[in-house]
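To start, I am sharing the structure in question, which I have written as structure tokens.
The values are calculated or read from the model by the stated rules, or taken from the named source; none is laboratory data. Quick caveat: nothing in here was measured; it's all calculated off a predicted structure. Positions of Cβ are generated from backbone atoms using ideal geometry, with glycine treated the same way; all protein chains shown enter the neighbour counts. Side chains are part of the model used for accessible areas, which takes the heavy atoms of the whole protein and leaves out ligands, DNA and RNA. Shrake-Rupley method; radii C 1.70, N 1.55, O 1.52, S 1.80 Å.
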Amino acid sequence: MDDVWDLVVIGAGPAGSAAALRARQLDPDCRVLLLDRAAFPRDKACGDGIAAHARQELALLGLPGLLDDHRPAPRLSVTSPGGAHVSAVVARPNHVVPRRVFDARLVEAARARGVEVRRHRVRTLTTLGEHVVLDGHLVARTVVAADGANSAVRRLIGVPPSPDRHTAIAVRGYADVPPDDDVQVIVMQGEAWPAYAWSFPVGDGTANVGYGLLLPALRDDDRPGREILHGRLRRLLPQLGEIGSPVRDLRAHHLPLSSGRPVPGAGRVLLAGDAASLVNPLTGEGIYYALLSGRLAAESAVGSPGDPLRAYRRGLRRALGRHLRTTDVLALAARSPGFIDAAIAVAARRTEVFDLLVDVGLGAGTVPPRLAAAVALRWLGNLT
Ligand SMILES: Cc1cc2nc3c(=O)[nH]c(=O)nc-3n(C[C@H](O)[C@H](O)[C@H](O)COP(=O)(O)OP(=O)(O)OC[C@H]3O[C@@H](n4cnc5c(N)ncnc54)[C@H](O)[C@@H]3O)c2cc1C
């Protein structure tokens, strides 16, 4: 067996890299091993939208300038299933950075901070007293499992997978767009609701385009999933046809939504990011949650080595508890497309509501009761 690592992190996406970076930031002597089955740079099916809230997490990790060479996307345009529309400048601009670039930068930053990075696919895990043994020879005091939506470690520690009704599936590709395009576009649709398509300009004459819906809605349709996903993507973004450029690199993946989140770990193994089902059920945002939960997991491993899971659950509750309860309720309300029509219609008239919805959809925002009442009244008004 190897020496004992203070922390072994499985998966080097945003959640895993954040955990590794934070552990070394808090304790430069901490022995941290970061494992991933892939060699970096590697692609990951994603909309590549990096919210301002995620950049705030990068700053906390000591990487405030990581995306400075990328042009921000200052404007967001949303069309609701019933056709309500808002297009406005966001309070803090988002970025669109291909994951092949973003994730590799995080891994490099971790390496530069003294994290040992190895290519390794984890297949087994056993607990031995105060230690966790991976694949029979890697020994850790604490493990952060950040191995994504289909987390093998989650299964190995007995946490059930995300139920289908709390899982979405989305396809993404890349298309050519005018080089000055700087608007993040979201087009929702009533068919198979909740579902939406997006076009997020990277800033180099290409955009990340995609379409996603809940898994049961895809399974209810007899046609092949690929045909449904690709067909709706093209139908909802007709501008793709006008430009005439094909959509390249189409790739789909699951999104385990936070409305079905489990206990985030067992014993000395902490689940972070998608492995903990931390994806916003309203928007599919997961990078901010991944960075945040990875950071909190490392803080618990370093600061509370006796019982890291207890500290981690407390940290998650403090950082996201009210927000996640808010999105649980909103996700239920949003099963009625009329609710989203009302919310977007109110946001189109009131900038503070638009900003708040962005905070709920991309960050850790909550909804004040007065606003909830305003949207509910409009929704009920539309029903009568
Ligand atoms: C189509 C699509 C569009 C999306 N768009 C957005 C968006 O625009 N903005 C946003 O914020 N979120 C978006 N999301 C969600 C976002 O992609 C995820 O929430 C985010 O990637 C979660 O990060 P993570 O670090 O938890 O997992 P991942 O980024 O999935 O990283 C997991 C890592 O674990 C590694 N791994 C897996 N198994 C093992 C193993 N057994 N051993 C070792 N390594 C392993 C993998 O190789 C991978 O590198 C989207 C998701 C999809 C599917």
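Which count do you get for residues in the range 345-363 that are outside any helix (DSSP H, G or I) and crowded, with 19+ Cβ neighbours inside 10 Å?
Number of matching residues: 1.
Keeping to the range 218-235, report how many residues are among the charged types (D, E, K, R), modelled with pLDDT of 90 or more and within 24 Å of the chain's Cα centre (by Cα).
The qualifying residues number 3.
Ok, one more. For G129, which of the numbered conditions (1) at pLDDT 95 or above; (2) more than 19 Å from D48 (Cα to Cα) fails to hold?
Evaluating G129 over (1) at pLDDT 95 or above; (2) more than 19 Å from D48 (Cα to Cα) leaves (1) as the failure.
Return the pairs, sorted by first residue and then second, in which the second residue is hydrophobic (A, V, I, L, M, F, W, C) and loosely packed, with under 15 Cβ neighbours inside 10 Å, the first residue lies in the range 106-133 and is under 13 Å from L35 (Cβ atoms), the beta carbons are less than 6 Å apart, and the residues are 6+ apart or on different chains.
R119/A39
Cβ contacts < 8 Å: first residue farther than 16 Å from S17 by Cβ, restricted to the range 268-279; second residue at pLDDT below 95 and in a loop (DSSP other than H, G, I, E, B), any location; separation 6+ or different chain. Result?
Within 8 Å, the pairs are R268/E130.
Just to be sure, is V329 crowded, with 21+ Cβ neighbours inside 10 Å and either more than 16 Å from the chain's Cα centre (by Cα) or under 30 Å from R155 (Cβ atoms) (or both)?
no
Here's something else I'd like to know. If a residue has to be within 16 Å of the ligand (Cβ to nearest atom) and either of a type outside the set (G, A, S) or at pLDDT below 95 (or both) to count, how many in the range 286-313 make the cut?
Taking the range 286-313 and keeping what is within 16 Å of the ligand (Cβ to nearest atom), we get 286-298, 312.
Retained after the next criterion (residues that are either of a type outside the set (G, A, S) or at pLDDT below 95 (or both)): 287-289, 291-292, 295-296, 312.
Adding up the residues that qualify gives 8.
Taking L60 as the residue in question, decide whether it is within 23 Å of D355 (Cα to Cα) and open to solvent by 20 Å² or more (accessible area, probe 1.4 Å).
Details: within 23 Å of D355 (Cα to Cα): yes; open to solvent by 20 Å² or more (accessible area, probe 1.4 Å): yes.
Criteria met by L60.
If you don't mind, there's one more thing I want to ask. For the subset of the range 106-122 comprising residues that are surrounded by fewer than 18 Cβ atoms within 10 Å (Cβ to Cβ) and on the phi < 0 side of the Ramachandran plot, which member is farthest from the ligand (Cβ to nearest atom)?
Per the stated criteria, the residue is A112.
Oh, and also: Kindly indicate which of P246, P262, P238, P281 is surrounded by fewer than 20 Cβ atoms within 10 Å (Cβ to Cβ), under 17 Å from the mean Cα position of the chain (by Cα) and either more than 10 Å from the ligand (Cβ to nearest atom) or among the basic types (K, R) (or both).
Details: P246 fails: under 17 Å from the mean Cα position of the chain (by Cα); P238 fails: under 17 Å from the mean Cα position of the chain (by Cα); P281 fails: surrounded by fewer than 20 Cβ atoms within 10 Å (Cβ to Cβ).
Within the list P246, P262, P238, P281, the selection yields P262.
Can you tell me which residue within the range 63-88, out of those that are under 19 Å from Y211 (Cα atoms) and not aliphatic (A, V, I, L, M), is surrounded by the most Cβ atoms within 10 Å (Cβ to Cβ)?
Filtering the range 63-88 for residues that are under 19 Å from Y211 (Cα atoms) and not aliphatic (A, V, I, L, M), the one surrounded by the most Cβ atoms within 10 Å (Cβ to Cβ) comes out as S80.
Just the residues that are within 16 Å of G190 (Cα to Cα) and of a type in the set (A, V, I, L, M, F, W, C), please, taken from the range 330-344. Quick ask: steps written out before the conclusion?
Residues of the range 330-344 within 16 Å of G190 (Cα to Cα): 331-344.
Scanning the range 330-344 gives A331, L332, A333, A334, F339, I340, A342, A343, I344.
Would you point out which residue out of A342, A301, A372 is open to solvent by 30 Å² or more (accessible area, probe 1.4 Å) and assigned to a helix (DSSP H, G or I)?
A372
Next question. Given (1) more than 21 Å from the chain's Cα centre (by Cα); (2) surrounded by fewer than 16 Cβ atoms within 10 Å (Cβ to Cβ), identify the lone condition not met by R42.
Only one criterion in (1) more than 21 Å from the chain's Cα centre (by Cα); (2) surrounded by fewer than 16 Cβ atoms within 10 Å (Cβ to Cβ) is unmet by R42, namely (1).
Scan the range 198-214 residue by residue and report those that are away from the ligand (no atom under 12 Å from the Cβ) and farther than 14 Å from V177 by Cα.
Passing the criteria: only L214.
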